[in-house]
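Data first, discussion second: the structure below is written as C-alpha cells.
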Amino acid sequence: MKKIFLAAILFLIFIGLAFYIFNRQAVFSHGTQSNTQTFELKAGEGVTEIARRLERGNLIQNAYYFDYYVWKTQSRGKIQAGSYELTGQMTVPEIVAILSVGKVISNETKVTFPEGSSLQQMSEALKGKGFDGDEFLRLAKCACGVKTDFDFLKSRPDKSTLEGFLFPDTYIFRKDATAADIVNRMLENFGEKLTQAMSAKIFSDNRNIFQVVTMASILEKEAKTSEDMKLASGIFWKRIADGMPLQSCATVAYVLGKDKVQFSFDDTRTPSPYNTYLNKGLPPGPINNPGLVAIQAAIYPTASDYNFFLTDPNTGQMLYARTLAEHEANKQKCGL
C-alpha cells in the first residue's frame, strides 16, 4: 500500500514538474529566426493555424506553446488581423501582445468593410484611409480594368456592376495599392470564401451564383442572425417558386436610399425594378455586398411552413407567421 502511495506521489510530482517546464517554455522560449519578418494575420484565422504558421516561420519554438499561452491568458478574442513585424527573438507573450495591439506596419493600412456595405460605402471607407475611393467606385461600377475572369462571375449579366462580389472583410493593403489592386483582392477573397461544395449546391438547386448573391444581399438587411437569415431565405425562395412578390423592405430602402422602421404604402409603390413589392422574383442584382453568413443562408435555406416574417422594432426579434391573419396579429403586437 505504501509503495502505491509513494508511486502516486512521485507521479504527481512528475506531472507537476512537467507542467512547470512546459509553462516555462511557453513563456520564455523563442524561435530561431533572427531576421525581422512581416507576419500577416488574416481576419477570422484560428489560433491553431496562427501558431502553426509562426512555427513554420521559425518565429516560435513550438505551436503548442502559443496555443497554450493564448488559452491560459484568454487572449483569443484580443488577437487582431494585421501585418506585424516579428522576429524569432521575441517570446510567445511578446508576440501575443503585439498581435493583440492590431497596429499594422508603417507601409500598410488596415481597412474594414462591414457585411452589407454598398459600393458607395466601401468607396468612402477607402477615402478615409487615404486610398482613391472614387477610382475604386468607378472600376467597381463598370467592372473594367480589373480581373473579371472568375468562374463565380460567369452568371453576372453584361453591363452589371460588381456589387455583391466585393467581399466585406478586414483587409491589409499596401499604402501604394491602386484601386484595381483593391478590387482584385476583394474579388479573390470572394472566390476563396465560395467553396466548391457551395457552388455545387447552388447548381443542384437550379440556381446560379448571381441569383444567390442577390438573395444574400437582401437577407443581409432583413435579418441579423444566421438562423433568422436561413428562415427568411426559405420563405423568400418559396415565394419565388409560388410566383409571389418577395415584398422585401430591404429593397424598398435601397430604392429610397434610406431605411425606416416602417414603410408607408406609398413607399412600397415607388417605381423601380428593385422594388420587390411591385415586381415578382429577385431584383436585377445585389443591393449590397453580403457577408459569408448571408451567402450561406441563401444557399442553405431552412424549410418551414412560415410564409411571413417581420422584425419587432422594439426588441429586434424576428416574428414569423403561417397565415396573413397571424402576420397582421404580429404587426399589432409590435405596434406597426
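The values are calculated or read from the model by the stated rules, or taken from the named source; none is laboratory data. Worth saying up front: this structure is predicted, and the values here are computed from it rather than measured. When we count neighbours, we look across all protein chains shown, and the Cβ atoms used for this are built from the backbone with ideal geometry, even at glycine.
This table checks each residue for (1) farther than 23 Å from K159 by Cβ; (2) in the same structural domain as T170 (by TED's automatic domain parsing); (3) surrounded by 14 or more Cβ atoms within 10 Å (Cβ to Cβ); (4) at pLDDT 95 or above.
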site	(1), (2), (3), (4)
N208	no, no, yes, yes
V212	no, no, yes, yes
S248	yes, no, yes, no
L256	yes, no, yes, no
D259	yes, no, no, no
P290	no, no, yes, yes
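The set of residues in region 294-307 that are within 16 Å of I235 (Cβ to Cβ) and in contact with a helix residue (DSSP H, G or I) (Cβ under 8 Å, 6 or more places away or on another chain) comprises A294, A297, A298, I299, Y300, P301, T302, A303, S304, Y306, N307.
Take E220 and decide whether it is exposed (fewer than 15 other Cβ atoms within 10 Å of the Cβ), within 18 Å of the chain's Cα centre (by Cα) and assigned to a helix (DSSP H, G or I). Considered against the rule, which asks whether it is exposed (fewer than 15 other Cβ atoms within 10 Å of the Cβ), within 18 Å of the chain's Cα centre (by Cα) and assigned to a helix (DSSP H, G or I), E220 comes out as no.
Here's the yes/no breakdown for (1) farther than 15 Å from N184 by Cβ; (2) surrounded by fewer than 19 Cβ atoms within 10 Å (Cβ to Cβ); (3) free of Cβ contacts under 8 Å to residues at least 24 places away in the same chain; (4) out of contact with any Pro (no Cβ under 7 Å at 6 or more places or on another chain):
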{"residue": "I95", "(1), (2), (3), (4)": "yes, no, no, yes"}
{"residue": "L99", "(1), (2), (3), (4)": "yes, no, no, yes"}
{"residue": "N107", "(1), (2), (3), (4)": "yes, yes, no, yes"}
{"residue": "K141", "(1), (2), (3), (4)": "yes, yes, yes, yes"}
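Applying the criterion of being of a type in the set (F, W, Y) and crowded, with 21+ Cβ neighbours inside 10 Å to the residues of region 151-170, the residue that is nearest to the chain's Cα centre (by Cα) is F167.
State whether one or more residues within region 53-67 are surrounded by fewer than 18 Cβ atoms within 10 Å (Cβ to Cβ), among the β-branched types (V, I, T) and at pLDDT 85 or above. No. If the condition is being free of Cβ contacts under 8 Å to residues at least 24 places away in the same chain and touching a helix residue (DSSP H, G or I) at 6+ places or on another chain (Cβ under 7 Å), then region 35-59 contributes T48, A51, R52. Just so you know, in region 306-333 the residues that are among the charged types (D, E, K, R) and either surrounded by 13 or more Cβ atoms within 10 Å (Cβ to Cβ) or assigned by TED's automatic domain parsing to the domain that holds A216 (or both) include one that is farthest from D242 (Cα to Cα), and it is D312.
Look at E135 and say whether it is assigned to a loop (DSSP other than H, G, I, E, B) and at pLDDT 85 or above. No; evaluated as a whole, the condition is false for this residue.
Among residues of region 44-79 being polar (S, T, N, Q) and outside any helix (DSSP H, G or I), the one that is nearest to F113 (Cα to Cα) is S75. Note on region 171-184: residues that are part of a strand (DSSP E or B) and buried (at least 18 other Cβ atoms within 10 Å of the Cβ) amount to 3. With out of contact with any strand residue (DSSP E or B) (no Cβ under 9 Å at 6 or more places or on another chain) and not hydrophobic (A, V, I, L, M, F, W, C) as the only criterion, which of P157, P168 stands out? It is P157.
Which residue pairs have Cβ atoms closer than 7 Å, lie 6 or more positions apart in sequence or on different chains, and pair a first residue in region 308-336 that is over 23 Å from R239 (Cα atoms) with a second residue that is surrounded by 14 or more Cβ atoms within 10 Å (Cβ to Cβ) and small (G, A, S)? Between residues of region 308-336 that are over 23 Å from R239 (Cα atoms) and residues that are surrounded by 14 or more Cβ atoms within 10 Å (Cβ to Cβ) and small (G, A, S), there is no close pair. Of all residues in region 80-94, which are among the acidic types (D, E) and in a helix (DSSP H, G or I)? Correct list: E94 only. The set of residues from region 95-127 being assigned to a helix (DSSP H, G or I) and either at pLDDT 95 or above or out of contact with any strand residue (DSSP E or B) (no Cβ under 9 Å at 6 or more places or on another chain) (or both) comprises V96, A97, S100, L119, Q120, Q121, M122, S123, E124, A125, L126, K127.
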